[in-house]
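The values are calculated or read from the model by the stated rules, or taken from the named source; none is laboratory data. Just so it is clear, the structure is predicted and the values come from calculations on it, not from any experiment. As a convention, Cβ positions derive from the backbone with ideal geometry for all residues, glycine included, and neighbour counts pool all protein chains shown. Each accessible area value is taken on the protein alone, full model and side chains, heavy atoms only, with ligands, DNA and RNA left out. Shrake-Rupley method; radii C 1.70, N 1.55, O 1.52, S 1.80 Å.
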Amino acid sequence: MVPGSRAPGIVQLLDYGRDPLGFLSRQQRRFGDVFAIHFPYFGRIVYVAEPGLVKELFTADPAVFHAGEANATVLEPALGPNSVLTLDDGPHLRQRKLLLPPFHGERVERYGELILEITRGEMESWPVGEPFALRPHTQRITLAVIMRAVFGVHDEGRLARFGGLIDDFARRVGLVASIPPLRRDLGRLSPWGRFVRSRRALDAFIYEEIALRRAEAETAERDDVLSLLLGARDEEGEPMSDRELRDEMVTVLGAGHETTATGLAWAIERLTHNPDVLAKLRNSLAAGEEDYLAATVRETLRARPVIVDVGRKLTAPATIGGHQLRAGSFVLAAIAALHYREDTFPEPEAFRPERFLEAKPDNYAWIPFGGGTRRCIGAAFAEYEMRTILREFVERADLRAADPKPEKVKIRNITLVPAKGARVVLGRPLTYPAVGSASAVA
Ligand code: HEM
C-alpha cells in the first residue's frame, strides 16, 4: 500500500486548490517520498518526490510508463491524437525526432531580434506610476513570439485574426480539459459545444496557413518552425501529414506560450519582492555578465514551477520505490515537492539564484521541464526567451512590487500563476538603450 491521506477526494482537491504549490510538499512531509492522493474522477494518483525515485521514473521503460496516455486524459480534446504530448512508443518517437531540430539550443537564438522587437513594442504600453498586472503583457509577448517565430505569420490582418481565434480557444479549453464529464455534446451553448466550434475555427486557420505555406515557392528560405516542419522527413523519408502538422502546431502553441509568459511573470514577482536580488541582477547585467540572469531564470522555475507535476500511466504492473503498482496506475513526479526539499535546496523558501551559479542543475532534482525521453522539447527555447525578455525588463524598467506581500499562487488551467497577475509599478519612464549597447544587439 502506498501511504496517503484517507480524506475524501473532494476534500483533497479543495486542499490542493487552496494552496497548489504547498500541497504536494505537505503530503511528502506527512507520508514520505512515495505517497498517494485521491482526486474525484482521476482516482488514485501515486507521487514520487525524491531525486533517486524521479530518476527511476524518468529512466523506466517508456513502453510501460506511458506519458502520452497520461497527458491525453487532460490534453487530447485540444491537441488531438497525433500530438507528441499525447502519443507513446514508436509514433511518439517519430514525432519527437521531427520536432526536436527546430527547437535546438543554438537554432532558437536566431529568434532573438524578433523577441526583442516584440518585447519593446509591448513595453511601450506600460503605464508610469500606477499599478498594473504584468502577466497579460508577458502573455501578449509570448503569444506574438509563437505566432510569428513558430507559425511564421507576419501579416497584420492575419495576426489579428489568429490572435482572436487563439484567445477564444484558450477561454473554452480549460473547462473541458479539467472536467472530463463535460466532454459531451449537450447542444451549441454547452461547454463542449462552444469548445468544438472554437476548435474548428482555429483549425481552419491553421490548415489555411499550412496550405498557403505549401503554395509558397520560398518556404525553403523561411526559418519559422512551421516551414521547417513542412520540410522535415522521418527515417522513411516521409513528411508530416496536415493533420499531424495541425496537432503539433497546436501542441507547441498550448505548451509554449502561457507557460513561458507565466514563468516571466513569476520572475518579476520574485525579483520585485526580493529587491536585493533584483539589484544584483541589474548590476551583473551592467557589467556584461550573463550567468546571474540564467541563474535567476532557473531559480524562478524552481521556486515557482509553472507545472506542478508530470505523469506516466502504467501499461503493465511495475515497481516504483519498492511499491508494486497495478497496470493502469498513474505515477507522477511531484515537481513542486521536489523543488522544496530542504536537503537538495537549503532554505527552499528563499529566492536565491546563487544556487544555480556553481553547478548545472541536477536532471532529477530540478525538473520544471519534466525529464527522460519526454523532457520538454521547448526547454532551450523557453529559457532563452525568458532570459531575453527579462534582461530587457530589468535593464530598462524601474519596476517595484505594487504590494509588499508576495502574491499567492493560483491554478489557471493546469499552470500555477501569480494570483493578481504579478502587479507592479513602473517608477519612471522606460530608459532607452544606446544604439550598439548590449541589449540592443542581444
Ligand atoms: C517555462 C516554460 C515551459 C515549461 C515550464 C514547460 C514544461 C513542460 C513539461 C513539464 C513537460 C512534460 C515533460 C514530461 O512529461 O516529462 C513539457 C513537455 C513539452 N513541452 Fe514544454 N514547457 C515550457 C515551454 C515550452 C515551449 C516554449 C515549447 C515549444 C515551443 C514547449 C513544448 C513542449 C512539448 C512539445 C512537450 C512534449 C514533449 C514530449 O512529450 O516528448 N514547452 N513541457
Cross-link reach list, lysines versus Lys410, counting only Cα pairs under 27 Å and skipping chain neighbours closer than eight places: Lys313, Lys420
Rounded if a/c under 1.5, otherwise prolate or oblate - the stretch 287-416, Cα gyration tensor axes: prolate
Label-point gap, in nm, between Asp343 and Arg30 - each point 7 angstrom along Cα→Cβ: 2.1
Linear extension gain, Leu14 paired with Leu114, 0.36 nm per residue minus alpha-carbon span: 31.8 nm
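Using a/c under 1.5 as the rounded threshold, could you call the stretch 299-347 rounded, prolate or oblate? The axes a ≥ b ≥ c are square roots of the C-alpha gyration tensor eigenvalues, and prolate needs a/b larger than b/c, oblate otherwise. Each step should come with its number before you reach the end.
Details: a/c = 5.57, a/b = 2.07, b/c = 2.69.
In terms of gyration-tensor shape, oblate.
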Environment charge of Thr431, counting only residues whose C-beta is closer than 9 Å and scoring Lys/Arg +1, Asp/Glu -1: 0
DSSP beta bridge pairing in the chain, given as percent antiparallel to the nearest 5: 85
Point-charge dipole on Cβ atoms (K/R +1, D/E -1) for the chain, about Cα centre, debye to 20: 1680
Tensor-based shape of the stretch 74-220 (alpha-carbon gyration tensor, a/c under 1.5 rounded, otherwise prolate or oblate): oblate
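Would you mind working out the magnitude of the charge dipole of the stretch 195-319 relative to its Cα centre, with +1 at each Lys and Arg C-beta and -1 at each Asp and Glu C-beta, to the nearest 20 Debye?
On the way: 17 positive and 24 negative charges, 158 e Å.
My answer is approximately 760 debye.
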Long-range HN-HN contacts of Arg412 with modeled amide H, under 5 Å: Val417
Helix-only [θ]222 nm of the chain, DSSP H runs n ≥ 4, -39500 (n - 2.57) each, per residue, nearest 500: -15000 deg cm²/dmol
Accessible area in square angstrom per residue, the chain, 1.4 angstrom probe: 44
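Where does each of 265-277, 200-212, 407-419 land if you order them by average Cβ count within 10 Å, highest first? Walk me through the numbers before you get to the answer.
Working: 265-277: 22.2, 200-212: 15.5, 407-419: 17.9.
Going from most to least packed, we get 265-277, 407-419, 200-212.
Relative to the Cα centre, what is the charge dipole magnitude of the stretch 255-390, using +1 at the beta carbon of each Lys and Arg, -1 at the beta carbon of each Asp and Glu, and rounding to the nearest 20 debye? Each step should come with its number before you reach the end.
Numbers: 16 positive and 17 negative charges, 120 e Å.
So the dipole magnitude of the stretch 255-390 works out to roughly 580 debye.
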Backbone N under 13 Å from the Ala63 label point (7 Å along Cα→Cβ), restricted to the stretch 69-105: 89-91
Label-point separation, Ala316 to Ile179 (7 Å along Cα→Cβ), nm: 3.9
In Hz, Karplus ³J(HN,Hα) per residue of the stretch 418-431 (6.51, -1.76, 1.60; θ = phi - 60°; x = Gly, Pro): x, 4, 9, x, 6, 7, 9, 10, 8, x, 8, x, 4, 8
Radius 11 Å from Cβ of Glu244, net charge of other residues (Lys, Arg +1; Asp, Glu -1): -2
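Counting only other residues whose beta carbon sits under 11 Å from that of Ala36, what net charge do I get with K and R as +1, D and E as -1? All intermediate terms of the calculation are to be shown ahead of the outcome.
Working: positive: Arg6, Arg44; negative: none.
Counting the neighbours of Ala36, the net charge comes to +2.
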